[in-house]
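For reference, the structure discussed in these notes is given below.
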Amino acid sequence: MKKLLLITTLLAASAGFASAEVVRLATEGAYPPFNLINDKGEVGGFEREFGDEVCKRAALECTWSTNEWDSIIPNLQSGNYDVIVAGMSITDERKKVIDFTQDYYPPTPSAFVGATADADCKSGPVSAQVSTIQAAHVAESGMTLLEFPTPDETVAAVRNGEAVCVFADSDYLRPLVNESNGALTFVGEPVSIGGGVGMGVRQSDQELKGKLDAAITSMKADGTLNTMIEKYFGPEGLKY
Amino acid sequence: MFAICADPKTLEGLTWLGCYLTSGKHLDFYMSFVTVLALLAVTAPAAMLLGFGGAMASRARLAPLRWIGKGYSAMVRGVPDIVYFMFFVIALDQGIEYVRSRFVCDDLSAPVFQGMEFHVCNAAKVPLATASPFTFQAYGFFLAVVTFAIVFGAFVTHVLSGAMQAVPRAQLETAEAYGMSQRQVFRRILVPQMWVYALPGLTNLWMVLIKATPLLFLLSVKDIVYYARELGGTKTSAYAYSHPDWRLYYFLGLLVFYLLMTKVSEIVLTRVSLRLSKGQATAAGEAQRRGLA
């Protein structure tokens, strides 16, 4: 009898285990405050808290993984993970290969940052992260583009004089400028590009996309999302 | 890790540094050195085995076997490593998942390749989505070992078949004159004597292998170069321990590590070379004999 009970319990447990859907989220882990690897070695930042909340509301069991920015879309397509949550702007070009949920961060202005306020960005190389809307913008506007695999390196290029300016999300640059003791400063006016930040899913995963969309809608409706944005981006962060 | 490190923002000086260097992320960094050493320890023998097989195949009397041996070495050596690491690994991963899907999936009607997307049912995913992060790391490590072994095995094939041809014909002929079979000649004369000729080439490969370990990063195995770049980058107050760009110091650390690795290897390999030359009909062996006499 005891044995029977044990087996039943085990079966019930394994059935429960199998029915809970595990969704793997992937992020870059190098784009604070959107996403970062914290000092404990875990994924942290705005998107960590946001992603966990979305999973809770959509009743999904989520695990986090990190992937290089450069290969983040191909690895989604080959099924290594199910959702990209990596500060990825929704663009028409990306929509051709993957699908996006609705945006969970409004279209943000991108900005130029140089060593001095009168730096002439048009004159010299402008650094940007590879395969980003910013890199595309720099290339289209005829400036000399210097691409780097990680966001940190794009800023380091300005610090060591390799590039005259860096062009990136102003939300990413703001803390760096504020804490640089005057070594970095915003140059010129911000430029609005991109269609907001969304979660990337495979085009065949419409069901998952629907669940995530519903969760984001509810987070926008009850103001949770705005509170999170305020917490990570400060008063300058754009709200819904 | 320690109780005093609970609130890093209030720490200063050496305490801060001590806490910083023992943060969870730094412990991961230290572990990644073990990963790299483990990779070397597993890959080197695996590549030697593959290479030995390849060298034997490329001298085989059976033509198809010979083609396999020669083709393997020519093809892999002719393609840039990075292509292998980008393409071969994805192909291997998808191959494993494809084969597994044929056995474990209930519904096989959906096509596996849908445009750019690769689809197998959840049960066929390797590792399963429910697996621990460690399993994912271990799987990446396994893919890395296989890829490294195949790439370096091809170079070893070439080195060993060259070494086999360098063994003086007179040595083999003498053995034949003693009535040894082909197999006995190979085992007793050719193989023991070829190492001394193979060693310079193998030493080279070992050094290249040590330096190639940062390619691990392409396979999303977090290696020492990944951590050096990640830890060294400018950290704003979004992190518990903020600091300016310290990549220089981290990379200096890596420089010391790699130099130590190559120096130790050089010392060991010089000894091995001396040991192998003993009693050989080469200049080095002859010098040793005279020195002893």
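Within the range B:191-233, the set of residues being polar (S, T, N, Q) and buried (at least 19 other Cβ atoms within 10 Å of the Cβ) comprises B:193, B:213, B:220. If you check A:166, A:191 for being away from chain B (no Cβ under 13 Å) and either surrounded by fewer than 21 Cβ atoms within 10 Å (Cβ to Cβ) or within 23 Å of residue A:36 (Cα to Cα) (or both), only one passes: A:191. In the range B:174-190 there is no residue matching the filter, namely being outside any helix (DSSP H, G or I), open to solvent by less than 40 Å² (accessible area, probe 1.4 Å) and at negative phi.
If you go through the range B:59-112 and keep only what is part of a helix (DSSP H, G or I), of a type in the set (D, E, K, R) and in contact with a helix residue (DSSP H, G or I) (Cβ under 7 Å, 6 or more places away or on another chain), you end up with B:66, B:70, B:77, B:81, B:93, B:97, B:100.
Looking at the range A:219-233, can you tell me whether even one residue there is modelled with pLDDT under 90, of a type in the set (Asp, Glu) and part of a helix (DSSP H, G or I)? For the range A:219-233, residues modelled with pLDDT under 90, of a type in the set (Asp, Glu) and part of a helix (DSSP H, G or I): absent. Just wondering, is there one or more residues in the range B:234-253 that are open to solvent by 40 Å² or more (accessible area, probe 1.4 Å), among the small types (Gly, Ala, Ser), over 19 Å from residue B:14 (Cα atoms) and within 11 Å of chain A (Cβ to nearest Cβ)? Yes - at least one qualifying residue is present in the range B:234-253. In the range A:74-161, counting only strands (runs of 3 or more DSSP E) that sit wholly within it, the ones holding 3 or more residues that are among the aromatic types (Phe, Trp, Tyr) span A:99-105. Close contacts from the range B:29-56, counting a first residue that is over 12 Å from residue B:152 (Cα atoms) and a second that is open to solvent by 40 Å² or more (accessible area, probe 1.4 Å) and not in a helix (DSSP H, G or I), with Cβ to Cβ under 8 Å and a gap of 6+ residues or different chains, come to B:32/B:222; B:35/B:222.
Within the range A:35-54, the set of residues being more than 13 Å from chain B (Cβ to nearest Cβ) and surrounded by 22 or more Cβ atoms within 10 Å (Cβ to Cβ) comprises A:50, A:51, A:54.
Only one entry in B:231, B:199, B:209, B:160 is within 14 Å of chain A (Cβ to nearest Cβ) and either assigned to a helix (DSSP H, G or I) or over 26 Å from residue B:32 (Cβ atoms) (or both), namely B:231.
The values are calculated or read from the model by the stated rules, or taken from the named source; none is laboratory data. As the structure is a computational prediction, the values presented were derived from the model and not from experiment. FYI the Cβ positions are ideal-geometry reconstructions off the backbone, even for glycines, and counts take in every protein chain you see. Accessible surface is based on the protein model in full, side chains and every heavy atom, while ligands, DNA and RNA are left aside. Shrake-Rupley method; radii C 1.70, N 1.55, O 1.52, S 1.80 Å.
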